[in-house]
């Protein structure tokens, strides 16, 4: 049995986690006794082919899904074993940037960013305004407070989504395909923003992305998912050197200048 003390060195820990969908011949095994740790205060990138379980991994961390076997520990707590109140309290330490930013079209930029503070805290309106204004300034959004999402570019929407995700001073921020729909120039700009923000605030970041190998530049750790198995690497060069044929094939399919210092 894994205890809270066992996971003290990791913000998130998967311990022999299995998850499948369907039954009988239609059963699809997504994770097969998968184990890995997410280091506290670092950025972990989760990559893999379509349908390999990247988003399922995030949902297990959030407690939106429960594993069939094993444990998902977040800050030492077994997520699947938590009651409704305890899970809500744990999620207060999360920030989430969704694939489409998930902004409310009927709310202004300011109102979208202020929403978590109004829903989950007892801060006075003046304190809320000061906190939101400070975050908007940090993310270069000052002057856009009164705009609605329809008036924003894709990159601006990502910034607003990140601003909202950071309002509760989260210890863990989850990014679900954060650059979907962005052009290469804006993608690089958003990755720069992620890197600067994470280093300044020191939260643990988990980024699920298909945008490889570009996203690897942000990673302190890379976790590849393939046919239910998870493999963790501390740099892209280790992917090339893997003894597993599937991992080496993955490296070949995403090869581009700069993937590793040595190439593939």
Quick check: pseudo-label points 7 Å beyond the Cα along Cα→Cβ at residue 66 and residue 85, how many nm apart are they? 1.9
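Stretch residue 153-residue 111 to full length: gain in nm at 0.36 nm per residue minus the Cα-Cα span? Intermediate values should be presented prior to the final figure.
Working: separation 42, 0.36 × 42 = 15.12 nm, distance 1.77 nm.
So the chain would gain 13.4 nm between residue 153 and residue 111.
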In nm, spacing of pseudo-spin labels at residue 102 and residue 29 (7 Å Cα→C-beta vector): 3.1
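Mind ordering 42-55, 240-253 by average Cβ neighbours within 10 Å, highest first? Working shown, then result.
Values: 42-55: 20.0, 240-253: 14.1.
Listed from highest to lowest mean packing, they are 42-55, 240-253.
Relative contact order (percent) for the chain, with alpha-carbon contacts under 8 angstrom and 6 or more residues of separation?
Values: 468 pairs, mean separation 66.0, N = 264.
Relative CO of the chain lands at 25 percent.
On a full-extension model of 0.36 nm per residue, what is the gain between residue 248 and residue 121, subtracting their alpha-carbon distance, rounded to one decimal in nm?
40.9 nm
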Just to be sure I understand, if you calculate Rg/Rh (Cα atoms, Kirkwood Rh) for this structure, which of (1) 1.03; (2) 0.96; (3) 0.98 do you get? (3)
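Once every DSSP H run of n ≥ 4 in the chain is given -39500 (n - 2.57) and the sum is divided by its residues, what mean residue ellipticity at 222 nm do you get, rounded to the nearest 500 deg cm²/dmol?
On the way: 8 runs with 87 residues, N = 264.
That comes out to -10000 deg cm²/dmol.
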What distance in nm separates the two pseudo spin-label positions at residue 183 and residue 142, each 7 Å out from Cα along the beta-carbon direction? 2.8
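So what's the convex hull volume per residue for the Cα atoms of the stretch 129-264, in Å³?
Details: hull volume 17.1 nm³, N = 136.
So the per-residue hull volume is 125 Å³.
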Taking the chain as a Gaussian network, where each spring joins two C-alpha atoms under 10 Å apart, which residue of 227, 122, 192 fluctuates the most? 122
For the chain, modelled as a GNM with alpha-carbon contacts under 10 angstrom, which of 229, 89, 145 fluctuates the most? 89
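The numbers here are math on the coordinates, done by the rules we state, and not lab data. Quantities reported herein were computed from a predicted structural model and do not represent experimental measurements. All Cβ positions, even for glycine, are placed from backbone atoms using ideal geometry, and neighbour counts span all protein chains on display.
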